Amino acid sequence: MMTGTDSDPLVEDGGLLPTQHRLALWHKVTIAIDSSEDLKPPKQTNWRRVLQWILAPALTAATALVFYYQSPWYGLASIYVSLLATLLVRPGWRWFYIAAVTTPRDTMALISYIRVLVFVKRQERKNVNIGDIFEANVARQPDKLAIVSESQQWTFRQVNEHANRVANVFHSHGYKKGDVVGLLMENRAEFVATWLGLSKIGVITPLINTNLRGASLQHSITVGQCTALIYGANFRSAVMDIAKDLPAHVGLYQFNDEATQDMVASEGLSQGLAQQLNGLLDTAAKDKVAAGASRADHQDKLVYIYTSGTTGLPKAAVITHARFFFIAAGIHYALRFKDEDVFYTPLPLYHTAGGVMSMGQALLFGSTVVIRKKFSASGYFADCARFQCTISQYIGEMARYILATPAAPHDRKHQVRMVFGNGLRPQIWPQFVERFGIAKVGEFYGATEGNANIMNNDSTVGAIGFISRILPQIYPISIIKADPHTGEPLRNKKGLCERCGVNEPGVFIGKIVKGNPCREFLGYVDQKASTKKVVRDVFSKGDMAFISGDLLIADERGYLFFRDRTGDTFRWKGENVSTSEVEAQLSNLAGYKDVIVYGVSIPHTEGRAGMAAIYDPTREVEVSHLAEELAKALPSYARPQFLRFLRKIDLTGTFKLRKVELQQQGFNPEVIEDELFYAQPDGTYLPLTSSIYERIQRNELRF
């Protein structure tokens, strides 16, 4: 209850209002100001108080940073010069208004950032790896549930024992620090315990996408330089299909759901039978790792996580122990997770979102994580209610699928206080939080291999993060002017890049600072691929930045919004699809015909669906056979949803296939004379007629 008309609106009975109340007040104030024609503050404004409110938190936090890094003269000079320059260069009431309304957001973010830096720096000084901090959690709470699924409930002790068994088996087989052992396994507790165990002896584990087949799977194993592969019994056929084409030195270890499953020999392998991992684990020591085994250091490589990137086959992004600490701790402190939270993630654990952000909460902070083998829209909040989850994870497509399910009793009968993820469309954001009673949404943006990671920490609808308008130097990320089709930065007369203005689309970048876990760019195993993601001479000669390949815009308050991807990559079902890879595979399957692959928009659907235009004037390609071969060669998200058989083809002056015109025409049979087909749920294709097209437009057919 307020204590009088002269009371501070942020104070209640002598004490500060709760954070959510203060933020609500700020929100109301900003709406009132935004809707006013006169943006000047009233004459009675207490400027001393305004300046204290703006500058005190920033200076306090910045000074703490300076003290922590023990560089007082340089740090203090930078901070005060920055503030002074800002005040002098940006005069006017509008800047003060923007500074005032964004100060609460920026202050909370700055405090979180400092906590992350302190946490990461502490682990670095102690040379701690992931296994070390996990074992500390095991010692503190051995019988607490660590990983839960539909059929499993593993305590911290059980995860650690399985990890120790894995470490001892591979140590006895001669594997040591720096060796690489791939992992192809479904979401289950053993997946995490396996790579964790390998990390205890310094072995690097590429986490392979379980959707990959054929050449893509073979490439992932070889580009990761694997000396062995552990695979679940469910993926035996996929592995056996490529086994004869793998290097002879690659050892195979099959993990069976039941230890009694028959082993199947792989033809063409010099080592003969794949080894049955279950039997080896049963006889290995579980209490601790054998003496004499190698150990990983804080800066050593931990896992490889595959990403499509902008071109070509999957690339292996490097995640070190230090990087894992930063990613998991970064989201932990930015969204104010609690150690006692129970997390729900139906995302694949071979990706950063599920495997690092969510699973990292168990490994680093001792939380319980609930996983699921495959995402279920109808089972999402039912699972959350069943397992008493307090925080759940999503990707944008998931939110749409969940929202499309019929109303159910568990819609609000759960304990979820926050959802976090990336890609929640602003068009469905309000409906989602209203229907399911979600108090907070933590929308983030970032690339596995990149250093330009941002977070929406105040649930602003549609925003994927923000750039501080007060102290942008604290976290050096920028949006630069670039060609929207190629993603190439546009440079001025000095050969340098230029920052975009308010609401001007551009490419998102993050400054590279070697040795800084927050700013370093580790790139890919393939150094040539890493080079393509670095832009040089950005704002001064010699500086470097990671270039995301994504077009973003920033509004007046610094909130960032996703626009599109540059180049030939499009996003479908939460995955980046490389058109060049799909074109190569499809051309081979179609008898080496000319193929053009591009993304097309489908109403009411996230991302862009793949469409392939095949030059086949005499109609030699059999669609049913092509569908069967595509299912073998490409993961489901990379298979074209539409096929177009071209009667004629248009080439550029340099004999390149024209793609823009085809993309603009889409898949409308009313404007396209060529034969069109659309994909069925079972992978087959049927003719795309005008009536089918209208059903797609009305959202009666979904992909």
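The values are calculated or read from the model by the stated rules, or taken from the named source; none is laboratory data. From a predicted model like this one, the values you see are computed outputs, not experimental measurements. We place every Cβ from the backbone using ideal geometry, glycine too, and count neighbours over all the protein chains shown. Each accessible area value is taken on the protein alone, full model and side chains, heavy atoms only, with ligands, DNA and RNA left out. Shrake-Rupley method; radii C 1.70, N 1.55, O 1.52, S 1.80 Å.
Sort out which residues of the stretch 425-437 are touching a strand residue (DSSP E or B) at 6+ places or on another chain (Cβ under 9 Å) and open to solvent by 20 Å² or more (accessible area, probe 1.4 Å), and write them in order of number.
The first filter runs over the stretch 425-437 and keeps only residues touching a strand residue (DSSP E or B) at 6+ places or on another chain (Cβ under 9 Å), leaving 426, 429, 432-433, 436.
Hits for the stretch 425-437 are Pro426, Val433.
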Say whether the condition of being open to solvent by less than 20 Å² (accessible area, probe 1.4 Å), among the aliphatic types (A, V, I, L, M), under 24 Å from Asn457 (Cα atoms) and assigned to a helix (DSSP H, G or I) is met by at least one residue in the stretch 365-385. no
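Going by the conditions given, is Gly462 open to solvent by less than 60 Å² (accessible area, probe 1.4 Å), assigned to a loop (DSSP other than H, G, I, E, B) and in contact with a Phe, Trp or Tyr (Cβ under 7 Å, 6 or more places away or on another chain)?
Details: open to solvent by less than 60 Å² (accessible area, probe 1.4 Å): yes; assigned to a loop (DSSP other than H, G, I, E, B): yes; in contact with a Phe, Trp or Tyr (Cβ under 7 Å, 6 or more places away or on another chain): yes.
Yes; evaluated as a whole, the condition is true for this residue.
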Quick check, is Lys511 of a type outside the set (Val, Ile, Thr), in contact with a Lys or Arg (Cβ under 7 Å, 6 or more places away or on another chain) and assigned by the TED database to the domain that holds Ala545? yes
Considering only the stretch 679-694, I want to know if a residue exists there that is modelled with pLDDT under 90 and surrounded by 17 or more Cβ atoms within 10 Å (Cβ to Cβ). no
I need the full set of residues from the stretch 650-676 which are at pLDDT below 80 and either in contact with an Asp or Glu (Cβ under 8 Å, 6 or more places away or on another chain) or crowded, with 17+ Cβ neighbours inside 10 Å (or both), in order please. Asp650, Leu657, Arg658, Lys659
Hey, Gly214 hits all of (1) buried (at least 19 other Cβ atoms within 10 Å of the Cβ); (2) touching a helix residue (DSSP H, G or I) at 6+ places or on another chain (Cβ under 9 Å); (3) touching a residue at least 40 places away in the same chain (Cβ under 8 Å) but one; which does it fall short on? (1)
Looking at (1) surrounded by fewer than 21 Cβ atoms within 10 Å (Cβ to Cβ); (2) under 22 Å from Ala633 (Cα atoms), which is the one condition that is false for Thr605? (2)
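Restricting attention to strands (runs of 3 or more DSSP E) lying wholly within the stretch 482-600, give those where 3 or more residues are open to solvent by 30 Å² or more (accessible area, probe 1.4 Å).
Values: elements: 506-511, 534-536, 544-554, 559-565, 569-572, 575-578, 595-600.
Of the strands (runs of 3 or more DSSP E) lying wholly inside the stretch 482-600, those with at least 3 residues that are open to solvent by 30 Å² or more (accessible area, probe 1.4 Å) span 559-565.
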Which numbered condition in (1) outside the structural domain of Gln141 (by the TED database); (2) of a type outside the set (Phe, Trp, Tyr); (3) touching a strand residue (DSSP E or B) at 6+ places or on another chain (Cβ under 7 Å); (4) open to solvent by 10 Å² or more (accessible area, probe 1.4 Å) is the only one that Ile391 fails? (4)
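Residues Val148, Val181, Val166: which one is closer than 16 Å to Thr205 by Cβ and touching a strand residue (DSSP E or B) at 6+ places or on another chain (Cβ under 6 Å)? Walk me through how you get there before you give the answer.
Details: Val148 fails: closer than 16 Å to Thr205 by Cβ; Val166 fails: touching a strand residue (DSSP E or B) at 6+ places or on another chain (Cβ under 6 Å).
Of Val148, Val181, Val166, the one residue that is closer than 16 Å to Thr205 by Cβ and touching a strand residue (DSSP E or B) at 6+ places or on another chain (Cβ under 6 Å) is Val181.
Is there a residue being outside the structural domain of Val582 (by the TED database), in a loop (DSSP other than H, G, I, E, B) and modelled with pLDDT under 95 anywhere in the stretch 191-204?
Filtering the stretch 191-204 down to residues outside the structural domain of Val582 (by the TED database) leaves 191-204.
Pick out the ones that are also in a loop (DSSP other than H, G, I, E, B) and you get 201-203.
Next cut, modelled with pLDDT under 95 only: none.
No; the residues of the stretch 191-204 include none that is outside the structural domain of Val582 (by the TED database), in a loop (DSSP other than H, G, I, E, B) and modelled with pLDDT under 95.
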What are the pairs, 6+ residues apart or on separate chains, where a residue within the stretch 573-590 that is under 27 Å from Ala377 (Cβ atoms) and touching a residue at least 60 places away in the same chain (Cβ under 8 Å) has its Cβ under 9 Å from a residue that is open to solvent by 20 Å² or more (accessible area, probe 1.4 Å) and acidic (Asp, Glu)? Lys573/Glu606; Gly574/Glu606
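Select from the stretch 683-703 the residues that are in a loop (DSSP other than H, G, I, E, B) and of a type in the set (A, V, I, L, M) and list them in ascending order.
Listed by number, the residues that qualify are Leu688, Leu701.
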Restricting attention to the stretch 272-284, does a residue exist that is at pLDDT below 90, surrounded by fewer than 17 Cβ atoms within 10 Å (Cβ to Cβ), over 16 Å from Asp132 (Cα atoms) and not assigned by the TED database to the domain that holds Glu575? yes
Does the stretch 649-669 contain any residue that is small (Gly, Ala, Ser) and in contact with a Gly (Cβ under 8 Å, 6 or more places away or on another chain)? no
Among (1) open to solvent by less than 60 Å² (accessible area, probe 1.4 Å); (2) of a type in the set (A, V, I, L, M, F, W, C); (3) modelled with pLDDT under 95, where does Ile111 come up short? (1)
Listed residues Val128, Val166, Val148, Val116; which is modelled with pLDDT under 95 and either of a type in the set (A, V, I, L, M, F, W, C) or under 27 Å from the mean Cα position of the chain (by Cα) (or both)? Val116
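Can you tell me which residue is nearest to the chain's Cα centre (by Cα) among those in the stretch 394-424 that are of a type in the set (Ser, Thr, Tyr) and open to solvent by 10 Å² or more (accessible area, probe 1.4 Å)?
Tyr401
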